[in-house]
Amino acid sequence: MTIIDGNLISNQIKEEIKESVTKLVNEGKKRPHLAAVLVGMDGASQTYVGHKVKSCEQVGFESTLVTLDENTTEETLISKIHELNNNDAIDGFIVQLPLPKHIDADKILLEIKASKDVDGFHPINFGRMCLNLPAYIPATPMGIMTLIERYKIETKGKHCVVIGRSNIVGRPMSILMSRAGIDSTVTLCHSRTSNLQEECRRADIIIAALGKPNFVTKDMVKPGAVIIDVGITRVEDSSKKSGYRIAGDVDFENVKDLCSYITPVPGGVGPMTVVSLMLNTLQASQNLIYTK
Ligand code: NAD
């Protein structure tokens with residue numbers, strides 16, 4: 001059994017990005033510049049945005065953090081987005097989700113110019129991804145694909161079960177795993193799937209992205225399977241200074257000896273998400289997906 005080390009791979013990729021940035025700057029080109037928009041004071045969102053800003057510093061990007069009040073109106077947020085769309089200094093930007101309840105996230109994401117949508121959530125990028133055209137790939141699925149590639153995990157002809165059908169993880173994951181060249185046969189499971197345990201037991205690769213701690217148990221895993229755990233749930237834990245710990249969707253302790261590869265939580269998929277956003281921003285700064 002191999003524990004997939006997301007910290008190790010993400011650090012390697014950060015070094016690679018840093019080298020690319022140094023090269024760009026030495027050639028007289030501008031540093032890539034990522035902006036993040038944070039609306040409100042959600043604790044987890046603040047942490048995620050903080051990681052993104054810190055990663056920008058680590059790889060030599062410029063970053064801009066736009067913080068807006070919890071009560072910001074949809075109109076104000078949209079006008080901020082238009083400002084970022086038109087600001088040539090910014091190569092790409094993200095609007096941190098979730099947004100406060102009074103703001104329609106789907107409407108907001110449509111306002112982001114596709115060429116700056118480094119989260120890959122805009123329908124143009126999502127559609128291009130489905131058609132195998134150059135596109136920004138959503139960061140978490142992109143990070144998982146990188147782990148699979150760097151660990152040389154066999155995907156061709158394998159049966160992959162994805163649990164969860166969200167637009168940011170499960171659904172794009174199912175599309176990427178079935179692409180020509182990756183060639184897995186994919187079953188996409190969700191909360192209405194009736195025979196989920198049985199589907200999992202047939203899987204060569206399980207990608208769990210549902211947000212339910214310890215959901216994937218030993219009896220659901222075929223010996224030798226590859227387990228990718230995307231789940232991040234804060235679970236109360238009085239032994240921790242913060243009062244909580246982070247739990248994945250897989251019962252790691254009991255599953256690990258059964259499988260061939262497994263991602264831990266934390267330290268598996270999580271660090272890959274941020275680094276994938278950096279890769280998309282690097283591509284944006286070099287106009288590799290869209291010409292400006
Ligand atoms: P979501 O809530 O949008 O979607 C959850 C999906 O799981 C839904 O499609 C739902 O149908 C499915 N589901 C729920 N209960 C189920 C059940 N009992 N059986 C089968 N399917 C079920 O969540 P999301 O945004 O896709 O995130 C999923 C998890 O991944 C969360 O824990 C989230 O925090 C985590 N996440 C991690 C990263 C990372 O960087 N590692 C990034 C994004 C999300």
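A few remarks follow.
- Count of segment 76-103 residues, restricted to those that are in a loop (DSSP other than H, G, I, E, B) and either open to solvent by less than 70 Å² (accessible area, probe 1.4 Å) or under 24 Å from Phe61 (Cα atoms) (or both), is 10.
- Residue match in segment 269-284 (condition: away from the ligand (no atom under 16 Å from the Cβ), open to solvent by 10 Å² or more (accessible area, probe 1.4 Å), in contact with a helix residue (DSSP H, G or I) (Cβ under 7 Å, 6 or more places away or on another chain) and closer than 24 Å to Glu236 by Cβ): no
- Selection count, segment 201-219, where residues are within 16 Å of the ligand (Cβ to nearest atom) and either in contact with a Phe, Trp or Tyr (Cβ under 7 Å, 6 or more places away or on another chain) or within 14 Å of His159 (Cα to Cα) (or both): 6
- Looking across segment 126-153, just one residue is open to solvent by 60 Å² or more (accessible area, probe 1.4 Å), assigned to a helix (DSSP H, G or I) and not charged (D, E, K, R), and that is Cys130.
- Test: residue in segment 18-27 that is crowded, with 18+ Cβ neighbours inside 10 Å and of a type outside the set (Gly, Ala, Ser): yes
- Matching residues, segment 224-238, being small (Gly, Ala, Ser) and within 15 Å of Asp249 (Cβ to Cβ): Ala225, Gly231
- Here is the figure for segment 228-251: residues that are within 17 Å of Ile3 (Cβ to Cβ) and more than 14 Å from the ligand (Cβ to nearest atom) total 1.
- Filter result for Lys18 (assigned to a loop (DSSP other than H, G, I, E, B) and farther than 17 Å from Tyr136 by Cβ): no
- Verdict on Lys52 being on the phi < 0 side of the Ramachandran plot, surrounded by 17 or more Cβ atoms within 10 Å (Cβ to Cβ), assigned to a helix (DSSP H, G or I) and among the basic types (Lys, Arg): yes
- Residue match in segment 62-75 (condition: touching a residue at least 24 places away in the same chain (Cβ under 8 Å), under 30 Å from Val226 (Cα atoms), open to solvent by 30 Å² or more (accessible area, probe 1.4 Å) and among the β-branched types (Val, Ile, Thr)): no
- For segment 110-125, a tally of residues being assigned to a helix (DSSP H, G or I) and either buried (at least 20 other Cβ atoms within 10 Å of the Cβ) or touching a residue at least 60 places away in the same chain (Cβ under 8 Å) (or both) returns 4.
- Within segment 163-200, being small (Gly, Ala, Ser), in a loop (DSSP other than H, G, I, E, B) and either near the ligand (Cβ under 8 Å from one of its atoms) or over 22 Å from Gly224 (Cβ atoms) (or both) holds for Gly164, Ser166, Ala180, Gly181, Ser191, Ser194.
The values are calculated or read from the model by the stated rules, or taken from the named source; none is laboratory data. All figures in this text were calculated on a predicted structure; none of them were measured in a lab. Backbone-built Cβ (ideal geometry, glycine too); neighbour counts: all protein chains shown. For accessibility, only protein heavy atoms count, side chains too; no ligands or nucleic acids. Shrake-Rupley method; radii C 1.70, N 1.55, O 1.52, S 1.80 Å.
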